[in-house]
Amino acid sequence: MTMTTRTLWLLLIAILGLRLASLGLYPLMDTSEARYAEMARKMLVLGNWVTPLFEVDLPFWGKPPLSFWSQALAMQWLGINEFAIRVPAWLFHVASCLIIIRFAREQADEKTAVLAAIIFSSSTLGLLSAGVVLTDPALSFSVLLATYGFWRGVAQGDRRWALAGFAGLGLGLLAKGPLAVVLVAIPAFAWTVGYRQWRAFLRLPWLTGVLLMLLIAVPWYLLAEQRTPGFLDYFLVGEHWKRYVVSDWAGDLYGSAHARPIGAIWLDLLLAFFPWTLLLPALYIGFRRSVLSGRYYAFITLWALATPAFFTFSGNILWTYLLPALPAWSLLLAGALNQARWSTGKIVTGLMLALLLPVWLPIAAIDGRAFDRPNNQRDLAYAWQQLQASAPGSLYYWGRRSYSGEFYTKGQARQIDDLSSLPDDRTFYIARRERDLKRGLQGLLPLNCVEQLRASQSVLFKCGTGSVNAIQNVPSS
């Protein structure tokens, strides 16, 4: 019994369908996801399509706007909700799968091509990125488009796809900045040198291509600097140089650096590629038996190694940085696996691996317990909105800023550090994480607060005029 191409296509469609169906089933649960979602919402409601806003009066210089544009447009068409804010990532993912399939079908066969898309879509990072509110899906698609365009241009002399590759670089500059050019240039240059393809390399439509890339990206950079002077210095020098070389970089205006030990990115790769990490020994066998040989697989190998190698010595990394490399790892593993005959046992194993996470995610979303965490403030925000009918009042997050709370209250929730700034002549609401509340319980005593509910490890209090002091129900340390 063998795994037919039709079976693989059905499996891929099922995985993508499950991921699409899950997009609106769970709340914004991660700090970064909620932060980017709120910035996209601000872009839409304020009509500022040039500069993403960290706060209403504070520009966000950390990332270019491509992902925010796509998310804001999706919310304009589909409403402000989780499905709309996540669907652009799913579309970027589907477009990536189509390029992966085209890439592998031309160089290997259709079965290998579809299997590579399945591996990409069912890996931990691939599956999550297909419905996450981050900039990485847009960057990964841009890098994939540019990489494929380079290959077609150099290996086959295809001018149109080469220009599409330069367009991909332009999109990458709008997705995350010059990093996109670096991640494409490393494997492209190394492969050109290794296979002495200088003539083909120089025959690329450099003039037209570079002009196309600049035409796509540069106008926004210039307009962004004009609107908020200082952007270029912070973004190009701070975000791209200091963040890379300075461990625990203190210049981050919007959060904190993510200092990790040197080489930690390779451990992240094992998690990002799970459960297919379990089959990585097939790559060793494939290289040893010369199954993964020739110019094509050499190029894919360089592409797979470029991103983790680049971030090996970075002072600050996140595991999502590996997403641009995942298509290459998927193409390599699919090429190695498809050389072996698919027995019934291997088919069952492959199906279990491919459906393990795609099936688990909607089940976990429906169950809900996996998402009961402080970064998810949907239930608390909705409860506050319902209370407005009987006892209207502003919502304040005491201490930590909650991007999720801001998104679900349509920007009405505000963060405060000093309780003395709160009003004392009208009703208002205070939200506080349970673990933080234990350290500051006495601060609520003069505010005449009543606990309303607890959700996502947080407490909502109604305070001010007309309340009865009932905070003794909150456990203290």
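Numbers for the structure displayed
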read-out: Residue pairs meeting the criteria (Cβ under 7 Å; at least 6 apart or on separate chains; first closer than 22 Å to Asn375 by Cα, in the stretch 436-449; second modelled with pLDDT under 75 and buried (at least 16 other Cβ atoms within 10 Å of the Cβ)); value: Leu437/Val474; Leu441/Ile471; Leu441/Val474
read-out: Qualifying residue in the stretch 151-159 (condition: of a type outside the set (Val, Ile, Thr), within 21 Å of Val94 (Cα to Cα) and out of contact with any His (no Cβ under 8 Å at 6 or more places or on another chain)); value: yes
read-out: Residue match in the stretch 249-259 (condition: at pLDDT 80 or above and either part of a helix (DSSP H, G or I) or at negative phi (or both)); value: no
read-out: Test result for Gln386, of a type outside the set (Lys, Arg), exposed (fewer than 13 other Cβ atoms within 10 Å of the Cβ) and at pLDDT 90 or above; value: yes
read-out: Residue in the stretch 12-27 that is in contact (Cβ under 8 Å) with a residue 60 or more places away in the chain and within 14 Å of the chain's Cα centre (by Cα) present; value: yes
read-out: The stretch 399-426: number of residues that are more than 35 Å from the chain's Cα centre (by Cα) and either crowded, with 24+ Cβ neighbours inside 10 Å or touching a residue at least 40 places away in the same chain (Cβ under 8 Å) (or both); value: 4
read-out: Number of the condition not met by Tyr396 [criteria: (1) surrounded by fewer than 16 Cβ atoms within 10 Å (Cβ to Cβ); (2) without any contact (Cβ under 8 Å) to a residue 40 or more places away in the chain]; value: (1)
read-out: Test: residue in the stretch 125-134 that is over 30 Å from Pro219 (Cα atoms) and in contact with a Pro (Cβ under 8 Å, 6 or more places away or on another chain); value: yes
read-out: Every pair of residues 6+ apart whose Cβ atoms lie under 6 Å, when the first sits in the stretch 298-311 and is at pLDDT below 95 while the second is in a helix (DSSP H, G or I) and not small (Gly, Ala, Ser); value: Phe311/Ile265; Phe311/Tyr321
read-out: Lone qualifier among Val143, Val182 - being crowded, with 18+ Cβ neighbours inside 10 Å, within 23 Å of Pro52 (Cβ to Cβ) and among the aliphatic types (A, V, I, L, M); value: Val143
read-out: Of the criteria (1) in contact with a Lys or Arg (Cβ under 6 Å, 6 or more places away or on another chain); (2) under 19 Å from Glu38 (Cα atoms); (3) surrounded by 18 or more Cβ atoms within 10 Å (Cβ to Cβ), which one Tyr429 fails; value: (2)
read-out: Among the candidates Ala84, Ala74, Ala130, Ala113, residue that is within 26 Å of Met213 (Cβ to Cβ), at pLDDT 95 or above and among the aliphatic types (A, V, I, L, M); value: Ala74
read-out: Matching helices (runs of 4 or more DSSP H) fully within the stretch 119-188 where at least 2 residues are of a type in the set (Lys, Arg) and farther than 30 Å from Ala364 by Cβ; value: 159-175
read-out: Long-range neighbours under 7 Å by Cβ, at least six apart or interchain, first residue in a helix (DSSP H, G or I) within the stretch 214-233, second buried (at least 17 other Cβ atoms within 10 Å of the Cβ) and β-branched (Val, Ile, Thr); value: Ala224/Thr51; Arg227/Thr51
read-out: Residue among Gly230, Gly168, Gly238, Gly177 that is modelled with pLDDT of 95 or more, under 28 Å from the mean Cα position of the chain (by Cα) and not hydrophobic (A, V, I, L, M, F, W, C); value: Gly168
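Each row is one residue, and each column tells you yes or no for (1) in contact with an Asp or Glu (Cβ under 6 Å, 6 or more places away or on another chain); (2) in contact (Cβ under 8 Å) with a residue 40 or more places away in the chain; (3) of a type outside the set (A, V, I, L, M).
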{"residue": "Ile85", "(1), (2), (3)": "no, yes, no"}
{"residue": "Thr124", "(1), (2), (3)": "no, yes, yes"}
{"residue": "Gly165", "(1), (2), (3)": "no, yes, yes"}
{"residue": "Phe189", "(1), (2), (3)": "no, no, yes"}
{"residue": "Gly194", "(1), (2), (3)": "no, yes, yes"}
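Quick grid of which residues meet (1) at pLDDT 95 or above; (2) hydrophobic (A, V, I, L, M, F, W, C); (3) in contact with a helix residue (DSSP H, G or I) (Cβ under 9 Å, 6 or more places away or on another chain):
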site: Ala328; (1), (2), (3): yes, yes, yes
site: Ala336; (1), (2), (3): no, yes, yes
site: Ser343; (1), (2), (3): no, no, no
site: Lys346; (1), (2), (3): no, no, yes
site: Thr349; (1), (2), (3): no, no, yes
site: Leu353; (1), (2), (3): no, yes, yes
site: Val359; (1), (2), (3): no, yes, yes
site: Ala364; (1), (2), (3): no, yes, yes
site: Phe371; (1), (2), (3): no, yes, yes
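The values are calculated or read from the model by the stated rules, or taken from the named source; none is laboratory data. Being a predicted model, the structure only gives us computed values, none of them experimental. No Cβ is skipped: glycine too gets one built from the backbone with ideal geometry, and neighbour counts run over all protein chains shown.
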